[in-house]
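These notes are about the structure you will find just below.
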């Protein structure tokens, strides 16, 4: 017999899990789609990416659609995915991870 009184209680601190896509090569570009829970999270991610682009002098293609951002990386001078694109991808994943795992009391 299954009881309706489960020991699990939902709290307002519980956050939904958002699937994280892996980087893939599409049309010769390194690409990934990021999903966000709020516009604030999306905008913080964008701000960090734009600041990083300015710092390293290498730019991405960003496609914004509501609470998602598709990011594409390629080194245009050689029309290939290079080491700087791979480093940029790692940086973007770190920024995204920091947004997902932020403390609840912020």
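Observations, loosely collected:
- Net lengthening on full extension, residue 70/residue 90 (0.36 nm per residue, minus Cα-Cα): 5.7 nm
- Contact order relative to length of segment 24-100, as percent, for alpha carbon pairs under 8 angstrom and 6 or more apart: 35
- Cα→Cβ-extended label distance, 7 Å offset, between residue 98 and residue 21, nm: 2.3
Quick note: the coordinates plus some simple rules give every number you see, no bench work behind them. Please read these numbers as outputs of a predicted model, since none were measured by experiment. With ideal geometry, Cβ positions are generated from the backbone for all residues, glycine too; neighbour counts draw on all protein chains shown.
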